[in-house]
1. For Ser210, state whether it is closer than 26 Å to Val124 by Cα, buried (at least 24 other Cβ atoms within 10 Å of the Cβ) and either assigned by TED's automatic domain parsing to the domain that holds Leu44 or not β-branched (Val, Ile, Thr) (or both).
2. Only one residue in Glu173, Glu161, Glu185 is touching a helix residue (DSSP H, G or I) at 6+ places or on another chain (Cβ under 7 Å), among the charged types (D, E, K, R) and at pLDDT 95 or above, so which one is that?
3. Mind checking which residues of region 227-244 are surrounded by 14 or more Cβ atoms within 10 Å (Cβ to Cβ), in contact (Cβ under 8 Å) with a residue 12 or more places away in the chain and over 21 Å from His189 (Cα atoms)?
4. Whether any residue in region 288-298 is modelled with pLDDT of 95 or more and either in a helix (DSSP H, G or I) or under 21 Å from the mean Cα position of the chain (by Cα) (or both) is what I want to check.
5. Of all residues in region 18-42 being crowded, with 21+ Cβ neighbours inside 10 Å and either hydrophobic (A, V, I, L, M, F, W, C) or outside any loop (DSSP other than H, G, I, E, B) (or both), which is nearest to the chain's Cα centre (by Cα)?
6. Mind listing whichever residues of region 337-356 are without any contact (Cβ under 8 Å) to a residue 60 or more places away in the chain, outside any helix (DSSP H, G or I), under 20 Å from Gly203 (Cα atoms) and of a type outside the set (Val, Ile, Thr)?
7. In region 355-371, what residues are surrounded by fewer than 17 Cβ atoms within 10 Å (Cβ to Cβ) and either outside the structural domain of Gly149 (by TED's automatic domain parsing) or farther than 16 Å from Gly209 by Cα (or both)?
8. What's the number of the only condition in (1) closer than 28 Å to Arg45 by Cβ; (2) in a helix (DSSP H, G or I) that Val362 fails to meet?
Amino acid sequence: MDRFDTTDAKRTMMAVVTTGNGGYDKLDYRAVPVPKPGAGEVLLRVLAAGVNNTEINTRLGWYSSSVTGDTAMTADAQSAASEQKADGGWNEKTPFPFIQGTDCCGEVAEVGPDVDAAWTGARVLVRACMRPNGYDTMDNVWMASDFDGAFAEYVKVPVKEVFPVDCDWTDAELATIPCAYGTAENMLHRARVSPGDHVLVVGASGGVGSATVQLAKRRGARVTAITSASKANLLLELGAARALDRHADLVAELGSESVDVVVDNVAGPGFPNMLKVLKRGGRFVSSGAIAGPIVDLDMRDMYLKDITLIGCTAWDEPVFPDLIGYIERGEIRPIVAATYPLSEIAKAQEDFMAKTHFGNFVLIPPSSQTT
């Protein structure tokens, strides 16, 4: 029998169950039991759930050390022949079968036995990256990578990880925030981005990239965005001071030692030039590698220029509360590229992988769809 962290078998909901590593055939849309919140938990009715690289990479087993290609190459290989990855998850073996969905905008539908009933009815965002052992260690678990997530009509989460939001945004707009903006804000926080810094954002048109452009601009930085020519104007409207084509010669365009911070979730063959354009004492920060995780690193570019390399997965404590404040004060804006019914998740992920969109895709469960 499939494993789900549920105890109420009398109530069912529609969900997308990811059954293993592989292609879109591993996404099984079906009825499953509704979770029952326990001590310290709340049950959320999912209003909208964002689509991210995270879910696709986890399904593909891309986090496995045996994978050396980019996400697209891995997707093609998995479609041809499924192979289970023992180390394909973020922290350990992925708990298949389970429900993915890292981004959740939800409404509190039920509370656990020790949770204040006043939570009921609140519209909230879920902090997807959780630090169960506190913020003095980097130990972390992620909703939808380590336990069931939001690609369902209901999801249960620890009450300490839900944040009420007071704003006029739609549910779909709020669902663009947690993973992309949390990841972007965490990188800028760790890299200590300050007013006047020149920040180079690689892959700036994606969910994390476009969030980084906004959030770096909000900090008073001057942003150069790397993107395709067709999306350059959109990034300039978003706050970038300059947009460069992804095939541009960065050293020729920007000059060596011209950038304070590089935010790079692309990696791949373009990585070496990122260190070339960094100033002495510059910071390189990353939380992904969609163009390929194996890169060429000239150690001289790093140590002779006193460059700091910063890896980011675990979110620091101020990151998510700060994001809620930015939303409520109108300091950032969401970018919804498209919405899809939850049942059309394969179509949404296929369109996502085409990389022709700008912003974020969002899934709407049947209980939250309007007619």
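The values are calculated or read from the model by the stated rules, or taken from the named source; none is laboratory data. Just so it is clear, the model here is predicted, and its values are computed rather than measured. Positions of Cβ are backbone-derived with ideal geometry, glycine not excepted, and every protein chain shown enters the neighbour counts.
1. Values: closer than 26 Å to Val124 by Cα: yes; buried (at least 24 other Cβ atoms within 10 Å of the Cβ): yes; either assigned by TED's automatic domain parsing to the domain that holds Leu44 or not β-branched (Val, Ile, Thr) (or both): yes.
It is true that Ser210 is closer than 26 Å to Val124 by Cα, buried (at least 24 other Cβ atoms within 10 Å of the Cβ) and either assigned by TED's automatic domain parsing to the domain that holds Leu44 or not β-branched (Val, Ile, Thr) (or both).
2. Numbers: Glu173 fails: touching a helix residue (DSSP H, G or I) at 6+ places or on another chain (Cβ under 7 Å); Glu161 fails: touching a helix residue (DSSP H, G or I) at 6+ places or on another chain (Cβ under 7 Å).
That would be Glu185, the only listed residue that is touching a helix residue (DSSP H, G or I) at 6+ places or on another chain (Cβ under 7 Å), among the charged types (D, E, K, R) and at pLDDT 95 or above.
3. Thr227, Ser228, Lys231, Ala232, Leu234, Leu235, Arg242, Ala243, Leu244
4. No, that holds for no residue.
5. The selected residue is Thr18.
6. If the condition is that a residue be without any contact (Cβ under 8 Å) to a residue 60 or more places away in the chain, outside any helix (DSSP H, G or I), under 20 Å from Gly203 (Cα atoms) and of a type outside the set (Val, Ile, Thr), then Ala337, Ala338 are the ones that fit.
7. Scanning region 355-371 gives Pro366, Ser367, Gln369, Thr370, Thr371.
8. Val362 satisfies all of (1) closer than 28 Å to Arg45 by Cβ; (2) in a helix (DSSP H, G or I) except (2).
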